[in-house]
1. Checking the structure you have, find out if any residue of segment 111-118 is closer than 16 Å to Ala68 by Cβ, basic (Lys, Arg) and surrounded by fewer than 23 Cβ atoms within 10 Å (Cβ to Cβ).
2. Which is at pLDDT 90 or above, of a type in the set (Val, Ile, Thr), in contact with an Asp or Glu (Cβ under 8 Å, 6 or more places away or on another chain) and farther than 30 Å from Gly211 by Cα, of Ile316, Ile311?
3. Looking only at segment 147-184, filter to residues that are small (Gly, Ala, Ser) and assigned to a loop (DSSP other than H, G, I, E, B); which one of those is farthest from Ala272 (Cα to Cα)?
4. Quick check, is Val190 hydrophobic (A, V, I, L, M, F, W, C) and farther than 23 Å from Lys467 by Cβ?
5. Mind listing whichever residues of segment 469-496 are under 15 Å from Asp74 (Cβ atoms) and among the charged types (D, E, K, R)?
6. Going by the structure shown, is Gly144 part of a helix (DSSP H, G or I), touching a strand residue (DSSP E or B) at 6+ places or on another chain (Cβ under 8 Å), crowded, with 20+ Cβ neighbours inside 10 Å and not hydroxyl-bearing (Ser, Thr, Tyr)?
7. Within segment 122-140, how many residues are touching a residue at least 12 places away in the same chain (Cβ under 8 Å) and either surrounded by fewer than 24 Cβ atoms within 10 Å (Cβ to Cβ) or within 18 Å of the chain's Cα centre (by Cα) (or both)?
8. Inspect segment 237-254 for any residue being without any contact (Cβ under 8 Å) to a residue 60 or more places away in the chain, of a type in the set (A, V, I, L, M, F, W, C) and within 21 Å of Ala213 (Cβ to Cβ) and give the result as yes or no.
Amino acid sequence: MRILFIATLATSSLFMGCSERFLDRHSLTQLAADNFWQNEKDALLAINGIYDVLQARVLYSGNLNGPAGIPMHDSFTDNSFNNWKWEGPGNYVEGNVSASTGGMFEDFWLANFRGIVRSNEAIANLAKMTGEQIEEPMRENLTGQALFLRALFYFNLAVYYEDVPLITEPQTLEIAQTPKASQRAILDQVIADLQNASTLLPPVQPAERFGHATRGAALGLLARAFLYDGQWNNAAEAAQRVIDLQQYNLNHPFTTQFTESGETSGDVIFAARFLDAPGFSTGETFSATYVGQPKVDKQPMPNLAADFYCIDGRPISTSPLYNPANPKENRDPRLSATILFKGDVYIEDEVKSFNGNNVTGYGLKKYLRKRTSEVGTSPAQPGGQDFYILRYADVLLMRAEALIESGQTGEEVYSLINQVRQRPGVNMPTVQEAEGSALNQEQLRAILRHERRVELAFEGLRFFDLKRWGTMQEAYDRMIADNLNGYNPRYQGKRSESFPIPLSELDANRALEQHEAWK
């Protein structure tokens, strides 16, 4: 059974009766204080109200013809080209944005803070509920979920905006003028919230709460936060704790992992959940496309297509198996599961083939809907595909990376990467078979980074990876070398690795200061 993360009328009244625009707000501490938070049902409604924020277009629901959401964030990088540049990433990469640019920058800020406001409200009120109102195990479970979600929202802000206001209590009008906290302070809070959540959350949620955060989700996001922060040993330990739960696996074929059939697989640790049913929809549009051409606004870059190895585990530049006349022949199966080549069928019931007549020459396949009845016109028809925020394959690769960066280059690193390479539907050669054994740190680092790219393409993690590795400028060099018609990437240092604080927020909160790179 799938839980629908939408706010009911009661929850909407609780959280949306007053403005949630950060720092231009009425008090959220006085909403329904006398008639809400009275029992477990109220608490569950409130928690579902936090999950509802994940479905924002600019977060995980995504857009087709609108401000870009996280499913399109690979277009900030060398993975994909945002053909409709006004959606955000295309103009960002070309340097044609400023602090006054609204749309994506403002919407992304507001959506994450909306989730934080709701999380703070839930954490504070759950602590006040008596044992007669809610049993302690349920209070702990729901508090753990709210802590996890607050950490997720704040981690998004720390990666993109870096220094932001840190607020962990229900906000009153009296404390609305709040200055920025450092990224260091934000990351410390994210880590503390996830550590607390991991002690409160169960390894598995009951069937009626399928999709709610679990201990594995908290530990997996904790590993991601530690990795971003360069805390290698802690990142490795957090990832190992996920593995030790023995709740996850890579048994589902990669070729269908990114369809609705893969949503309940052992690879999915946490996802933004969506459902489309007659008369009802949770508004998922990131998998939407058009009948005439697949995903015109998000086109895979040539340099990404070239980065998938041949089935002998060697790059196309050195493999004797590479056939330029048929460039997808004898390639890593993840290539054909991720990218459409000219002539590939992308609409199955009417047998429509990709004609290759777009800017990059490649089409997006990962997550793409495949039947005429599921695609849409403008505006995009909603669908029911979950967006995977955290997968087990990512956790395995995070532990491998943390071990490599801490100087541990033993057999475990090979085993972790090999598990991802040899999952069903992939079955690529092991590291030992393709690259050899007794490799040094630099060699294993390159292997790991390549594996993350081909495994996790179009999952919204490439920007996070490049920024963490300090290789964003190299990515821009690859974009420039692709020489796409009408596309002029321009690396601008920190402006290419951060978002500006929206001017509307600076106007509303005079205690805020703009990011140094965007002044």
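1. No, there is no match, as no residue in segment 111-118 is closer than 16 Å to Ala68 by Cβ, basic (Lys, Arg) and surrounded by fewer than 23 Cβ atoms within 10 Å (Cβ to Cβ).
2. One residue alone meets the criteria, Ile311.
3. Result: Ala176.
4. no
5. Passing the criteria: Arg478, Asp482.
6. No: the conditions fail for Gly144.
7. Selection size over segment 122-140: 13.
8. Yes; the residues of segment 237-254 include at least one that is without any contact (Cβ under 8 Å) to a residue 60 or more places away in the chain, of a type in the set (A, V, I, L, M, F, W, C) and within 21 Å of Ala213 (Cβ to Cβ).
The values are calculated or read from the model by the stated rules, or taken from the named source; none is laboratory data. In this text, all values refer to a predicted model and were calculated from it rather than measured experimentally. Glycine gets a Cβ as well: all are built from the backbone with ideal geometry, and neighbour counts include every protein chain shown.
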